[in-house]
Amino acid sequence: MTTRTHASRAALALALFAWQGALQAAPSRFDCPQSVESDRILVSAPAGWTSFVASPVYLNGAAPSDGPPEKLGILRGEKEKTTKSGWSHRYSLAGPYPEGKWLRCDYGTLGEFSLSKRLPDDVRECTVSGRKGEHAGENIIEVVCR
């Protein structure tokens, strides 16, 4: 084999390694459902009462958490920017998370309930950006993790 062939193979191997690393570091977007329809909200009424939910409940906020939702492990993000039209927070997720890294999506103006989803273990950082939506208490949220 010639020196030129070795150099070509080495260059190809290096390019493949760099491409693979870039692929692994590519950001992933996680979408919270924008609303939860009224027929999907379970309400257990006390005896003698009938429940009724008139409209959907809209997404108000989102954040990564340390562990499953019942652990209430919401993490504090670093404010990246705030403008008249929106905001952005960065969350560092390096280090051990024995019960996993989760994304919590909060619904209702006071976060009356949430939906949660476990994130891949290799996620190291998430940025949560938001802006006001068209409905009362609604925010349009974008979650991008690396």
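Values in this text are rule-based calculations from the coordinates and carry no lab data. Bear in mind that the values here come from a model prediction, so they are computed numbers and not experimental data.
Kindly identify region 27-145 as rounded, prolate or oblate by the Cα gyration tensor criterion: order the square roots of the eigenvalues as a ≥ b ≥ c, call it rounded if a/c is under 1.5, otherwise compare a/b with b/c, prolate if a/b is larger, else oblate.
In terms of gyration-tensor shape, oblate.
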Subject >> Eligible lysines near LYS81 by straight Cα distance, threshold 16 Å, same-chain separation 8 or greater >> reply: LYS132
Original post:
Which whole-number percentage describes the relative contact order of region 27-145, with Cα contacts under 8 Å and a sequence gap of 6 or more?
Top reply: 30
